[in-house]
Amino acid sequence: MPRPSVLVFDVNETLVDIDSLAPLFIDLFGDERVLREWFAQLVMYSMSATLADSYVKFSTLAQGVLRMVGDIHHVDVTDDDLHRLKTGLLTMPAHPDAAEGLTRLQDNGFRLVTLTNSPPNPDGPTALQSSGLAQFFERQLSVDACRAFKPSPAVYRYACDALGVTPADCMMVAAHVWDTLGAQKVGFGAALITRPGNPPLPVDGLPQPDIVVDDMRELAARLIAD
């Protein structure tokens, strides 16, 4: 694997911890496992919207999916609950390994950028900024600019155009196989961070990540050693 010069990071779950939203789901449903049900539905419907050539902002979709999951479980989701979700999405904390790993990568000459399904926040800080990690990245790119969600190949091509690089220069770093698959389709390298609940997908015929690691510290060690 050639050494990538640009590391393109997913944000939600890769760098910031969505488990911080668990108290909302415990309060609403009495079961924090519904958080994972909601997130899986959110990802599925973001992909569905892209395939149907439709687009709404990820935060808007997240709130609608919460109402849908509430209907499934016969739970009334109020406007206050939706506001709490929106606030929670913008204030997720960084994973404890993130800053150390990013510091090492930055110190060793890698260009660091983010590419997220989440839109910019005109009213205040984004989740990346709230987490304290924004300082590590030269650019913070959002799919909102091309009105399609990952893993659409158009999103990764947009990132290359915005940065003035080729896909071969880039490695996608994500906690989700669906994200690495989309990036690899256009010629990125791929590193999978196996956050809890996010293992590799061992299917013949699908590209496998070039690197599979448990956290950002291990990623930095692998890339620097290579």
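The values are calculated or read from the model by the stated rules, or taken from the named source; none is laboratory data. Computed from a predicted structure; not experimentally measured. We place every Cβ from the backbone using ideal geometry, glycine too, and count neighbours over all the protein chains shown. Protein only, heavy atoms only, side chains kept; ligands, DNA and RNA dropped before computing areas. Shrake-Rupley method; radii C 1.70, N 1.55, O 1.52, S 1.80 Å.
Brief remarks on what is shown
- For the range 106-169: rounded, prolate or oblate by the Cα gyration tensor [a/c cutoff 1.5]: oblate
- Inter-label distance, Met44 to Ile224: 4.2 nm, where each label sits 7 Å from its Cα along the C-beta direction.
- Heavy-atom accessible surface of the range 19-90: percent carbon and sulfur, 1.4 Å: 55 percent
- Calculated diffusion of the range 1-58, Stokes-Einstein form, Kirkwood radius summed over Cα pairs, 10 °C and 1.306 mPa s, µm²/s: 115 µm²/s
- Three-way shape call for the range 19-90 based on the alpha-carbon gyration tensor, with the a/c threshold at 1.5: prolate
- Inter-part distance, the range 1-69 to the range 108-124, computed on C-alpha centroids, equals 16 Å.
- Partner lysines whose Cα lies under 18 Å from the Cα of Lys185, excluding those fewer than 8 positions away in the same chain, are identified as Lys150.
- Å² per residue, accessible surface of the range 19-90 at 1.4 Å: 54 Å²
- Only lysines eight or more places from Lys86 in sequence, or on another chain, were considered; those with a Cα closer than 16 Å are Lys57.
- Peptide ranges 6-12, 180-186 listed from the most packed, as the mean C-beta count within 10 angstrom indicates: 6-12, 180-186
- From most to least packed by mean Cβ count within 10 Å, the peptides 38-44, 148-154 give 148-154, 38-44.
- For the chain, built as a Gaussian network whose Cα springs stay under 10 Å, the top-fluctuating residue of Ala22, Ala52, Ala168: Ala52
- In the context of the full set of protein chains, residues of the range 108-220 present 42 Å² of accessible surface per residue (probe radius 1.4 Å, heavy atoms only).
- Taking other residues whose beta carbon is less than 13 angstrom from the beta carbon of Ala127, and scoring Lys, Arg as +1 and Asp, Glu as -1, yields -2.
- Out of every Cα-Cα pair that the chain contains, those further apart than 28 angstrom amount to 27 percent.
- For the range 1-124, alpha-carbon Rg over 2.2 N^0.38 Å: 1.21
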